[in-house]
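Right, one structure below, let's go through it.
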There are 2 protein chains.
Amino acid sequence: MSPRKSAQEELTKTAIINVARELFVTSGYPSFSMRKLAKELGCSHGAIYYHFKNKAELFYEIVTQDFLTLDCVLEEVLGTQTNSNEEKLYLILFEYIRFGLTNQPQYEVMFLIKDEEIKGYLLEAPNNSYLHFANAVASLAAKPLTPKDIWSLFIGIHGFVTHYCRTETSFEDVKQLAKSHVEFLLKAIK
Amino acid sequence: MSPRKSAQEELTKTAIINVARELFVTSGYPSFSMRKLAKELGCSHGAIYYHFKNKAELFYEIVTQDFLTLDCVLEEVLGTQTNSNEEKLYLILFEYIRFGLTNQPQYEVMFLIKDEEIKGYLLEAPNNSYLHFANAVASLAAKPLTPKDIWSLFIGIHGFVTHYCRTETSFEDVKQLAKSHVEFLLKAIK
DNA sequence: TCATTAATTGAACACTGGTCAATTAAATAA
DNA sequence: TTATTTAATTGACCAGTGTTCAATTAATGA
C-alpha cells in the first residue's frame, strides 16, 4: 500500500546491521531469520535485500566487526604490563577463550559455521586473525616455537571454545577450567 | 492413488536408516532432507514419519551405530600389542582423530551439532563415549593424570577434528599434522 | 511541473520439517 | 469365503525459510 517510506525512516545499512546484530546475538544464529529481522526493523523482508545481496553478506558485515574486536583483545593483552612473557602468553590464550565464550553466536559464525555461502565471504578474515595470534604467540614464547606448535596451541584453545559453545556454557562457569586448560597447553611448550 | 504398498516393498526402520545413512554420509547433514530421503526410498515423506517420530529420532538411531564404532576403535587400540603404554596412548589419540575425520558427517552429529532436538536425544551417548576414552587414557599414562588433564587431552584432539571437519579436509591430507598435534599434546603430560 | 531515480512492498517460488484425514493392503475373525 | 479390523501409505496442508522481482511511490533534479 505504501512503497517507499518517508525520508526520516528510510533504512540504512548500519541500521540493519545493528538490529540484526542485536537479534542474532541475543537469540542465536539458528533462530535468526530475514523475516524476523524485517519485523524488528518495521519493514518488509524484501527491503533488506535492497541493501544486502543475501543473508551471508549481512552476516559477513556483522562479523567483520567481531574480527576487529578480537584483534583488539590481542593487542590489548600485548600492551599490558606483566611480570613475564610467559604470563603474557598465558593471558593471550586465556583472553581468546574469554572472547569466544562471551561472544558465542559470533564465534560460531567466525570459526565454526559450515554454511558454504558464509564461508565464501569469510575467506581471509579467520586466516588473518590467526596470523595475528600466531605472531603474538611466537614473539612471547621462551623457546622458539615451530609453526606446528603454534597451530597446536590454537587448535587446543579452539577445541575448548567449540565445546562450550555447543553446550552454551557461559565463560564464568568454566573460567577455572579455562585457566587449567591453558596451563595444560603451555606445559607442552615448556 | 495407492496408499499402502504391496507387502514386499513395505518400508522398514532399518531400510530407512540404511538409505538415510548413505544419503547423509555422502552429501552431509545440511543438504539432507526428509523429502530427499523419501524420494530416494521411493515413498512419500509422510511415510517416514510413521516409522520415526521426527528427523532427530532418525539421526539418533543412525548415529548410535557410530558411537558403537568409536567404542570399537578404542577397544581395538587397547587390544593391540605395542612397545609401550606411551605408544598406545599416542595411538588412542591418533585413532580418535582418524575416526573423526573419516566420519565427518557422523562426528558432526555426534559431537558438534547445536540442534536442540538432536541434542535432546544424544544425552548420554557422547558422555559415555568420553568416559571410555578417559578410562583408557588414565590406564595408560605413565604418571597419574588429573581428570582435568584427561579433559584437556580430549578437548585438544576435539579441536583438531572440529577444525578440519569445518574445512572438510580428509584425514589423509592432515595425517602428518595429526601426528605432530598428538605429540604436542602428550608433551603436556610428560 | 514533470520526468527520473531510489527505496519499499508483497506476491510468488522453491524449499524445509511436520501433521493428519483419507485410503487401501494385509491380517484376523466370523 | 466373507466381513471386519488393523497397519501402512499417501498427499494435501500448515508454518516456516531464503530469495526474486514487477509494481508502486517518495524524493530528487531539470
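Values in this text are rule-based calculations from the coordinates and carry no lab data. Since the structure is predicted, the reported quantities are computational estimates derived from the model, not experimental observations. No Cβ is skipped: glycine too gets one built from the backbone with ideal geometry, and neighbour counts run over all protein chains shown.
Per-structure values
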item	result
Neighbour net charge for B:Thr26 - beta-carbon separation under 12 angstrom, K R +1, D E -1	0
Linear extension gain, B:Ser31 paired with B:Ser44, 0.36 nm per residue minus alpha-carbon span	2.8 nm
Cα extents of segment A:1-52 along the three principal axes, largest first (Å)	32, 20, 16
Hull volume in cubic angstrom per residue (convex hull over the Cα atoms of the protein assembly as shown)	171 Å³
Reachable aspartates and glutamates, given that their alpha-carbon falls under 15 Å from the alpha-carbon of B:Lys143 and they are not under 8 places away in the same chain	B:Glu86, B:Glu87
With at most 11 neighbouring Cβ atoms within 10 Å, loop GluC sites (Glu not before Pro) (DSSP) excluded, longest segment of chain B	B:11-123
Spin-label pair A:Asn135/B:Thr169, simplified geometry with 7 Å Cα→Cβ offset, distance in nm	2.2 nm
Using a 7 Å Cα-to-Cβ projection, B:Lys179 label spacings across copies, nm, ascending	3.9
Radius 15 Å from Cβ of A:Cys165, net charge of other residues (Lys, Arg +1; Asp, Glu -1)	-2
Over 31 Å (Cα to Cα) - which of A:Lys55/B:Lys175; B:Lys53/B:Lys148; B:Lys13/B:Lys88; A:Lys179/B:Lys179; A:Lys119/B:Lys190; A:Lys88/B:Lys190 fall in this group	A:Lys55/B:Lys175; B:Lys53/B:Lys148; B:Lys13/B:Lys88; A:Lys119/B:Lys190
Span-rule helices in chain B, defined as complete DSSP H runs reaching 30 Å or more along the axis (Cα) with Kyte mean at least -0.5	B:55-79
Pair B:Lys119, B:Cys72: separation of 7 Å Cα→Cβ label points (nm)	3.0 nm
Axis-nearest residue of B (beta carbon) for the B-onto-A rotation, whole Å	B:Gly159, 1
Nm distances between copies for A:Ala7, ranked from closest, using label points 7 Å along Cα→Cβ	8.1
Stretchable slack from B:Asn127 to B:Glu9, in nm (0.36 nm times residue separation minus alpha-carbon distance)	38.6 nm
Reduced Cα scattering model of chain B, Debye log10 I(q)/I(0), q = 0.14, 0.16, 0.19 Å⁻¹	-0.82, -0.99, -1.27
Potential lengthening between A:Thr146 and A:Glu183 on full extension [0.36 nm per residue; Cα-Cα distance subtracted]	11.4 nm
